[in-house]
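The values are calculated or read from the model by the stated rules, or taken from the named source; none is laboratory data. Keep in mind that what you see is a predicted model, and the values were worked out from it rather than measured. Note: ideal-geometry Cβ built from the backbone for every residue, glycine included; neighbour counts use all protein chains shown.
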Amino acid sequence: DREERWKDKHDTIGVLAIDARGTLAGACSTSGMPWKVPGRVGDSPIIGHGLYVDPQVGAAVATGTGELVMAVCGSFLAVERMRGGDSPETAIAEVLTRISSRSDLDEDHQVGLLALRPDGRWAAASLRPGFRLTVSDGSGHHLHAPGFVMFPGT
Ligand code: ASP
């Protein structure tokens, strides 16, 4: 049915990168959402929503229900929190806390976030289980679960 088809038919790839000198970069690519209203623009193509990089402060990228991310300027908010001194973990937990306080949150809603600082410290978190990330470095590619899941039982 429509709900089943909806569930697996979207995804954003978000990439954050850092070189040996601490130079940050970010990119994302998305299918958007299936069954979307014609003309809908999700969070991914909008700087500060699906992706934001400030070379001095940090980078963040988001995947999932774009409307939730856009409502809080999610990646910009994460980077601004790091600018204020938050760790990447705390910064993205704050973004998820803002999102999770919405009264219209649906059980199909998901948001995954990555954040990276110029010193190489990174974090990943998601609203619900299922989000995975890969860390690639000189030792290879390593699959991780996020360090924090806001609603682990869902
Ligand atoms: N964030 C994307 C959007 O809302 C969809 C996704 O991450 O799967 O357009």
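Could you tell me whether segment 117-131 includes any residue that is part of a loop (DSSP other than H, G, I, E, B), crowded, with 23+ Cβ neighbours inside 10 Å and in contact (Cβ under 8 Å) with a residue 60 or more places away in the chain? Looking through segment 117-131, at least one residue is part of a loop (DSSP other than H, G, I, E, B), crowded, with 23+ Cβ neighbours inside 10 Å and in contact (Cβ under 8 Å) with a residue 60 or more places away in the chain.
The criterion of at least 1 residues that are within 16 Å of the ligand (Cβ to nearest atom), modelled with pLDDT of 95 or more and surrounded by 13 or more Cβ atoms within 10 Å (Cβ to Cβ) is met, among helices (runs of 4 or more DSSP H) falling completely within segment 1-95, by 66-71, 74-83.
Checking each residue of segment 134-152 against the condition of being in contact with a Phe, Trp or Tyr (Cβ under 7 Å, 6 or more places away or on another chain) and surrounded by 24 or more Cβ atoms within 10 Å (Cβ to Cβ) gives no match.
Of the set (1) within 23 Å of Thr154 (Cβ to Cβ); (2) surrounded by 17 or more Cβ atoms within 10 Å (Cβ to Cβ); (3) away from the ligand (no atom under 14 Å from the Cβ), all apply to Leu113 but (3).
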